[in-house]
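The values are calculated or read from the model by the stated rules, or taken from the named source; none is laboratory data. Model, not experiment: these values are computed from the prediction. Please note: Cβ atoms are built from the backbone with ideal geometry, for glycine as well, and neighbour counts cover all protein chains shown.
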Amino acid sequence: MAAGRPGDACRAEGDSLRRFVIERSDVRGELVHLDASWQAIASRRPYPPPVRRLLGEAAAAAVLLSATVKMAEGAITLQAQGEGPVPLLVVQATGRRTLRGLAHWRDPVPEDAAPGALLGDGRLVVTLDPGETGRERYQGIVPLAGRTLAECIEGYFARSEQLPTRLWLATDERSAAGLLLQRMPGGGDDPDTWERAVHLAATLTPVELLGLPAETLLHRLYHQEDVRLYGREPVAFRCGCSRARIEEMLRRLGPDEARAILAEEGRIVVDCEFCGQRYELDAVDVERVFAAAGQPAVPTTRH
């Protein structure tokens, strides 16, 4: 079957995550295609092309990482902080398969710079927020080490998770896509399956990753293996900002500082960097926030 044009698979697959396993082995994988969700992220700012490509790869990577942990309500955040032309890259994917992200950059941005050069020296932070489950928040921090974003993330797994993991990421003007392979503990019938799976995945081109439906891509790579492909999990752009969260931020800021901003500016204005939503609070709003914060808690009763 012909590879087709980049982005064709995104129209066939939609914005989706697909899990697969190689039967009777210790190899599992994830495939992600982003179309409308990636466009929603990219349209928020006039990103230079190299920054746009890096952000697309990070978006695909974040969704792949979210599939490696069990979290129905939580979120995983991929954040790179470096000294290069892109000092900040942040993408967040939730267990409900929603996605948001942004990047900051300094002009001029080299047109031919590799992702690793765009980020420069710095650190990669992976944060797992379990949401309202009662579990502890987890954060792993490793140096940015790699020519590509995929290599940087592989370094995180090698240092923090000690779980063999490989990634392949690709993006173009319309789509972003990624493939993740992991070797799970426990082994399988054929100990060479992992090396074979990685070797074959390394032959994958960006055109194939972006342009082939999951079934075709996996057959092309692993037609000699027994592969089980699971159903589609839809992925969508969604920002988690809300007025309630802005008010909670104000409570943490404290009444004195909030009132000082009011005295100087006349109102408090907060713009969400992820989605562009603007929140404005006047003096009445601010006093209501702190009046509510001062109310005594209502005791709970157990039956």
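Overview of values
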quantity	calculated
Flag for G131 being small (G, A, S) and out of contact with any Pro (no Cβ under 9 Å at 6 or more places or on another chain)	yes
Residues of the range 131-155 classified as crowded, with 20+ Cβ neighbours inside 10 Å and within 24 Å of S25 (Cβ to Cβ), total	2
Filter result for D226 (touching a residue at least 24 places away in the same chain (Cβ under 8 Å), under 30 Å from A72 (Cα atoms) and either of a type in the set (D, E) or in contact with a Phe, Trp or Tyr (Cβ under 9 Å, 6 or more places away or on another chain) (or both))	yes
Qualifying residue in the range 237-246 (condition: without any contact (Cβ under 8 Å) to a residue 24 or more places away in the chain, of a type outside the set (G, A, S) and in a helix (DSSP H, G or I))	yes
Single condition E195 does not satisfy, out of (1) within 22 Å of the chain's Cα centre (by Cα); (2) closer than 23 Å to R228 by Cβ	(1)
Breaking point among (1) charged (D, E, K, R); (2) in a helix (DSSP H, G or I); (3) not assigned by TED's automatic domain parsing to the domain that holds T171, for E215	(3)
Scope the range 77-90; condition outside any loop (DSSP other than H, G, I, E, B) and surrounded by fewer than 24 Cβ atoms within 10 Å (Cβ to Cβ); matching residues	T77, Q79, Q81, G82, L88, V90
Some residue of the range 205-213 being hydroxyl-bearing (S, T, Y), surrounded by fewer than 19 Cβ atoms within 10 Å (Cβ to Cβ) and over 16 Å from E30 (Cα atoms)	yes
Selected residue (only one of V125, V109 is more than 22 Å from G74 (Cα to Cα), of a type in the set (V, I, T) and touching a residue at least 12 places away in the same chain (Cβ under 8 Å))	V109
Identity of the residue in the range 228-267, modelled with pLDDT under 90 and basic (K, R), that ends up surrounded by the most Cβ atoms within 10 Å (Cβ to Cβ)	R259
Residues (closer than 20 Å to Q139 by Cβ and among the basic types (K, R)) located in the range 71-113	R100
Tally of residues being assigned to a helix (DSSP H, G or I) and either closer than 17 Å to S16 by Cα or without any contact (Cβ under 8 Å) to a residue 24 or more places away in the chain (or both) across the range 39-74	15
Residue satisfying condition, being surrounded by 13 or more Cβ atoms within 10 Å (Cβ to Cβ), over 30 Å from A170 (Cβ atoms) and touching a strand residue (DSSP E or B) at 6+ places or on another chain (Cβ under 7 Å), within set V289, V270	V270
Residue that is surrounded by the most Cβ atoms within 10 Å (Cβ to Cβ) [pool: residues in the range 273-286 that are hydrophobic (A, V, I, L, M, F, W, C) and over 23 Å from the mean Cα position of the chain (by Cα)]	L281
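Results for (1) at pLDDT below 95; (2) farther than 29 Å from D190 by Cβ, shown as yes or no for each residue.
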| position | (1), (2) |
| --- | --- |
| D8 | yes, yes |
| S16 | no, yes |
| G29 | no, no |
| A36 | no, yes |
| S43 | yes, yes |
